1. To the nearest 0.05, how large is the calculated FRET efficiency for I245 and R25 if R₀ is 22 Å and r is the Cβ-Cβ distance?
2. S51 to D206: extension gain in nm, 0.36 nm per residue of separation minus the Cα-Cα distance?
3. Given L202, A143, L23, which one lies farthest toward the positive end of the charge dipole of the chain, if we put +1 on the Cβ of every Lys and Arg and -1 on the Cβ of every Asp and Glu?
4. Can you run phi through the Karplus equation (6.51, -1.76, 1.60; θ = phi - 60°) for the range 156-166 and list ³J(HN,Hα) in whole Hz, with x for Gly and Pro?
5. For V29, which sequence-distant residues (separation of 5 or more, or a different chain) have an amide H within less than 5 Å of its own amide H, given hydrogens modelled in the peptide plane?
6. Work out from phi, with θ = phi - 60° and the Karplus expression 6.51 cos²θ - 1.76 cosθ + 1.60, the ³J(HN,Hα) of each residue of the range 188-198, listed in order in whole Hz, and give x for Gly and Pro.
7. What longest range of the chain stays clear of loop-exposed GluC sites (Glu not before Pro) (DSSP non-H/G/I/E/B, at most 11 other C-beta within 10 angstrom)?
8. For T239, enumerate residues with amide H under 5 Å from its amide H, sequence gap 5+ or separate chain, H modeled in the peptide plane.
Amino acid sequence: MGKRIVVVGGTGHIGRMLVERLLHRAQAVVVASPSTGVDAASGVGLTEALSGADVVIDVSNSPRVDGDTALEFFTRTTRRLLEAERTAGVQHHLALSIVGADAVVEDGYFAAKHAQEQVIADSGMPSTILRSTQFFEFARSIAEWNTVADTIHLPATTVRPVAAGDVADALAALALEEPAGVLELAGPESMHLGSFVGRVLLSDHDPRYVVEDEGARANGFNIDAARLAPLEIDLTGTTALADWIASMHHALRAERS
Ligand SMILES: NC(=O)c1ccc[n+]([C@@H]2O[C@H](COP(=O)([O-])OP(=O)(O)OC[C@H]3O[C@@H](n4cnc5c(N)ncnc54)[C@H](OP(=O)(O)O)[C@@H]3O)[C@@H](O)[C@H]2O)c1
């Protein structure tokens with residue numbers, strides 16, 4: 001028999017892909033986000049949304065990514081969710097976090113994700129935390145945050161970004177399994193951060209240059225390369241960056257025709 005699964009943040013980038021995959025697997029899905037009348041920060045609509053739920057998947061995101069706002073958002077919403085889950089008899093809390101959450105202490109957003117993980121661990125709730133590396137789509141945000149004039153300065157860091165679709169696949173599979181603790185997911189290929197961002201911008205016909213600069217400190221991507229060493233990885237996405245770029249162009253052409 002299928003499970004009843006609440007997707008908190010089910011209207012977001014990952015959330016929409018995840019809901020599609022869960023429905024494809026014939027699960028009963030509740031999409032819970034402010035735009036569907038469920039606010040995990042204030043608690044509005046939570047009791048009704050969680051009624052009869054077996055699993056809650058949290059793929060919500062803070063409205064702003066600065067450290068203070070993110071810390072307040074992730075700790076408040078996670079506490080509220082876990083409290084409501086306990087009352088509703090939910091069996092499994094599954095949350096999406098970020099590779100480096102436990103290590104990149106100097107970045108406010110990563111620290112906020114770490115605090116979210118701590119709230120889950122301290123609650124004693126049966127849980128899975130899936131830490132993912134950056135989504136391919138995130139290349140555009142990294143570019144925005146690190147552009148000076150028409151040049152993007154990035155450190156010589158090696159990364160293993162992943163297709164958001166692969167993250168959604170992994171979450172959909174984990175939701176149907178027993179709670180598994182902390183797992184890490186990365187894409188199938190290691191590449192230089194500059195090459196990652198440059199290839200996505202080139203495919204967007206974006207004219208900005210990417211410059212690799214030993215001294216640069218990338219905003220939004222302060223991960224020490226060593227932190228992404230393959231040894232840490234439990235799950236590997238299957239989509240190569242080139243295939244993701246090709247499928248993005250295919251989808252755009254299909255939309256226009
Ligand atoms: N970007 C990356 O590369 C990356 C890598 C690893 C992990 N992650 C994690 O992935 C998660 C999802 O990211 P995303 O890019 O898919 O997010 P997103 O597209 O910004 O979507 C955010 C979602 O959160 C919902 N939301 C906002 N406030 C809420 C609240 N008070 N209560 C309930 N839901 C709320 C939004 O609902 P509305 O639509 O109704 O506003 C929306 O569905 C984040 O936790 C992030 O840390 C991201």
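1. Calculated transfer efficiency: 0.20.
2. Fully extending the segment from S51 to D206 adds 51.1 nm.
3. Positive-end residue among those listed: L23.
4. Once θ is set to phi - 60°, the couplings for the range 156-166 become 7, 9, 9, 10, 10, x, 9, 6, 4, x, 5 Hz.
5. Sorted by chain and number, the residues that satisfy this are I5.
6. Each residue of the range 188-198 in turn: x, 10, 8, 7, 5, 3, x, 5, 4, 5, x Hz.
7. In the chain, the maximal stretch lacking such sites is 1-105.
8. A163
Where a number appears in this text, it was derived from the coordinates with a stated rule and is not lab data. Keep in mind that what you see is a predicted model, and the values were worked out from it rather than measured. Note that each Cβ is placed from the backbone with ideal geometry, even for glycine, and that neighbours are counted across all protein chains shown.
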